[in-house]
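These notes concern the structure reproduced below.
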Amino acid sequence: MARQTFTAAQVLTAAQMNQLQSSVWSDDVNAQTGTSYTLVLTDAGKQVTMSNASASTLTIPPNASVAFDVGVRIVVIQLGAGAVTLTAGAGVTISTQATSLVMAQYQVATLIKQATNTWIANLGGSGAAADSDQNVLVSQIFS
């Protein structure tokens with residue numbers, strides 16, 4: 001959802017509220033079972049589950065291929081026995097405090113787009129990290 005500027009006393013329409021809900025607080029799940037997956041625009045605000053017994057790769061594509069809005073969050077949940085490696089597409093930077101972008105079974109990562117080809121990956125150790133999509137500042141939505 002593109003950022004909008006609202007004026008004092010402006011009322012959100014039903015369409016704006018539906019768009020906001022689907023882009024920020026979606027509980028929709030995109031279940032992936034293959035060994036490679038590249039994020040698509042409809043993954044914005046969703047949970048992407050990775051479930052395969054073999055090692056697999058999830059790729060964050062460059063903005064030129066998939067133009068996610070800045071601020072978009074995508075939660076990745078590793079359900080399979082095989083490790084999932086988060087991979088940057090051409091020209092994409094993934095920044096994280098984690099020592100590795102390899103996810104173990106039941107690990108959760110929240111991906112947040114910070115700039116055109118810059119993402120932050122918060123790799124948590126438990127399902128509690130999946131709640132990070134609730135930490136949305138009003139200024140991020142209504143700036």
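The values are calculated or read from the model by the stated rules, or taken from the named source; none is laboratory data. Treat the numbers as computed from the prediction; the structure is a model and nothing was measured. A quick note on method: Cβ atoms are made from the backbone with ideal geometry, for glycine too, and the neighbour counts reach across all protein chains shown.
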Hits in the stretch 75-93 (condition: β-branched (Val, Ile, Thr) and surrounded by 18 or more Cβ atoms within 10 Å (Cβ to Cβ)): VAL75, VAL76, ILE77, VAL84, VAL92
Quickly run through the stretch 15-39 and pick out the residues that are assigned to a helix (DSSP H, G or I), of a type in the set (A, V, I, L, M, F, W, C) and either surrounded by 15 or more Cβ atoms within 10 Å (Cβ to Cβ) or at pLDDT 85 or above (or both). LEU20, VAL24
Among the residues of the stretch 40-50, is any more than 18 Å from VAL29 (Cβ to Cβ), in a loop (DSSP other than H, G, I, E, B) and out of contact with any Ser or Thr (no Cβ under 8 Å at 6 or more places or on another chain)? no
Conditions (1) surrounded by 14 or more Cβ atoms within 10 Å (Cβ to Cβ); (2) at pLDDT below 95; (3) closer than 21 Å to ILE120 by Cα -> GLN97 fails only (1)
For ALA81, all conditions in the list (1) closer than 22 Å to VAL40 by Cα; (2) at pLDDT 95 or above hold save one; what is the number of the exception? (1)
Tally of residues being out of contact with any Asp or Glu (no Cβ under 8 Å at 6 or more places or on another chain) and part of a strand (DSSP E or B) across the stretch 55-88: 13
Need the failing condition index for ILE112 against (1) more than 19 Å from VAL29 (Cβ to Cβ); (2) part of a strand (DSSP E or B), just the number. (1)
